[in-house]
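One structure below.
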Amino acid sequence: MKRVGVLGGSFDPVHYGHLCLAQDARDMAGLDEVILMPAKLQPFKLDKHLTEPADRLEMLRIAAMLLENISVSSKELDADRISYTATTLGELREEFTDRDKLYFITGTDSFIALGTWYKADELLSDNGIVVGIRPGYREDEVEQKSALYRTAFGTEVIIIKNRRLDISSTEIRERVRKGESTEGLLPQEVRDYIDEHRIYK
């Protein structure tokens, strides 16, 4: 049996906050692999302009090459549809055996709202959830939702206290526009790609 985590997002650009969550989920939840999956059209961000998919994908691939058991999938970028998590995980499951288990990796706020997502019953019934929390922040709500999801859908919920880095892609884009350093925010190899291709200029 293989345990595979899936971490989605815009990744515009990928940064250490994303990468640390992927690594911590891998290690703390006992996952064999974590797949980073950039979204094409996120249902909550349909009005947001995103960098070209090919560039976001390549920046992820560069970052993933530096890490162990972290890979990248273009499944959502290749699909001509809105990136609904339940649909994506359902399609991804076809690439694994019946004994393998997929885990959706998410943060506190999204975890609490999962019951309102598209095809939430399918998402929660067919997949495990790894939720990263920080001490003192909505912990009671996380526990309540965990109990609800387990009872109603049989969801395997794994709560991890991952590293919390105060990094945002918006800040990085602004720093690049101003020609400022992004040291400590994302891998230098990713910044080199950004500069070479004049992304965010």
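The values are calculated or read from the model by the stated rules, or taken from the named source; none is laboratory data. Just so we're clear, the structure is a prediction, and the values are computed from it rather than from any experiment. Glycine gets a Cβ as well: all are built from the backbone with ideal geometry, and neighbour counts include every protein chain shown.
Mind checking which residues of the stretch 111-153 are within 20 Å of Asp100 (Cβ to Cβ) and among the polar types (S, T, N, Q)? Steps first, answer last, please.
Of all residues in the stretch 111-153, those within 20 Å of Asp100 (Cβ to Cβ) come to 122-130, 153.
Result: Ser125, Asn127.
Of everything in the stretch 144-197, what is farther than 28 Å from Val131 by Cα and of a type in the set (D, E, K, R)? Give them in sequence order.
If the condition is that a residue be farther than 28 Å from Val131 by Cα and of a type in the set (D, E, K, R), then Glu174, Arg175, Arg177, Lys178, Glu180, Glu189, Arg191, Asp192, Asp195, Glu196 are the ones that fit.
Can you name the residue in the stretch 133-174 that is in a helix (DSSP H, G or I), in contact (Cβ under 8 Å) with a residue 24 or more places away in the chain and not hydroxyl-bearing (Ser, Thr, Tyr) and is also nearest to Lys201 (Cα to Cα) among such residues? If you could, list the steps in order and put the result at the bottom.
Within the stretch 133-174, the subset in a helix (DSSP H, G or I) is 139-153, 169-174.
Within this subset, residues satisfying the condition of being in contact (Cβ under 8 Å) with a residue 24 or more places away in the chain are 141-142, 145, 148-149, 152-153, 169, 172-173.
Still in the list and also not hydroxyl-bearing (Ser, Thr, Tyr): 141-142, 145, 148, 152-153, 172-173.
Details: Glu141: 41, Val142: 40, Lys145: 42, Leu148: 46, Ala152: 48, Phe153: 46, Ile172: 12, Arg173: 8 Å.
If we take residues in the stretch 133-174 being in a helix (DSSP H, G or I), in contact (Cβ under 8 Å) with a residue 24 or more places away in the chain and not hydroxyl-bearing (Ser, Thr, Tyr), then Arg173 is nearest to Lys201 (Cα to Cα).
Can you tell me which of Asp80, Asp32, Asp24, Asp55 is modelled with pLDDT of 95 or more and within 30 Å of His197 (Cα to Cα)?
Working: Asp80 fails: modelled with pLDDT of 95 or more; Asp32 fails: within 30 Å of His197 (Cα to Cα); Asp24 fails: within 30 Å of His197 (Cα to Cα).
Exactly one of Asp80, Asp32, Asp24, Asp55 is modelled with pLDDT of 95 or more and within 30 Å of His197 (Cα to Cα), namely Asp55.
A quick yes/no check of all residues on (1) basic (Lys, Arg); (2) at pLDDT 95 or above:
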| position | (1), (2) |
| --- | --- |
| Lys119 | yes, yes |
| Lys145 | yes, yes |
| Arg150 | yes, yes |
| Asp166 | no, no |
| Arg177 | yes, yes |
| Leu186 | no, yes |
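If I go through the stretch 58-90 residue by residue, how many of them are touching a Phe, Trp or Tyr at 6+ places or on another chain (Cβ under 8 Å) and in contact (Cβ under 8 Å) with a residue 60 or more places away in the chain? Can you show your working first?
Filtering the stretch 58-90 for residues touching a Phe, Trp or Tyr at 6+ places or on another chain (Cβ under 8 Å) gives 58-60, 62, 84-87, 89.
From what's left, in contact (Cβ under 8 Å) with a residue 60 or more places away in the chain: 58-59, 62, 85, 89.
The total comes to 5.
I'm trying to understand the selection: among the residues of the stretch 139-158, which are under 19 Å from Ser125 (Cβ atoms) and either in contact with a Ser or Thr (Cβ under 8 Å, 6 or more places away or on another chain) or of a type in the set (Gly, Ala, Ser) (or both)?
Ser146, Ala147, Tyr149, Ala152, Phe153, Gly154, Thr155, Val157
Give Ile112, Ile133, Ile129, Ile159 a once-over and let me know the one that is farther than 20 Å from Arg56 by Cα and at pLDDT below 95.
On the way: Ile112 fails: at pLDDT below 95; Ile129 fails: at pLDDT below 95; Ile159 fails: at pLDDT below 95.
So the residue among Ile112, Ile133, Ile129, Ile159 that is farther than 20 Å from Arg56 by Cα and at pLDDT below 95 is Ile133.
Please verify whether Glu189 is surrounded by fewer than 17 Cβ atoms within 10 Å (Cβ to Cβ), in contact (Cβ under 8 Å) with a residue 40 or more places away in the chain and more than 18 Å from Val34 (Cα to Cα), treating the condition exactly as stated.
In short, yes.
Restricting to the stretch 83-101, give me the number of residues that are at pLDDT 95 or above and in contact with a Gly (Cβ under 7 Å, 6 or more places away or on another chain).
Summing the residues that are at pLDDT 95 or above and in contact with a Gly (Cβ under 7 Å, 6 or more places away or on another chain) in the stretch 83-101 gives 1.
Considering only residues that are part of a helix (DSSP H, G or I) and more than 22 Å from the chain's Cα centre (by Cα), which ones fall in the stretch 175-201?
Just the residues of the stretch 175-201 that are part of a helix (DSSP H, G or I), to begin with: 175-177, 188-196.
Within the stretch 175-201, Arg175, Val176, Arg177, Asp192, Asp195, Glu196 qualify.
For the stretch 91-121, which positions are of a type in the set (S, T, N, Q) and touching a Lys or Arg at 6+ places or on another chain (Cβ under 7 Å)? Show your work before the answer.
Going through the stretch 91-121, the residues of a type in the set (S, T, N, Q) turn out to be 97, 106, 108, 110, 116.
Thr108, the sole residue that qualifies.
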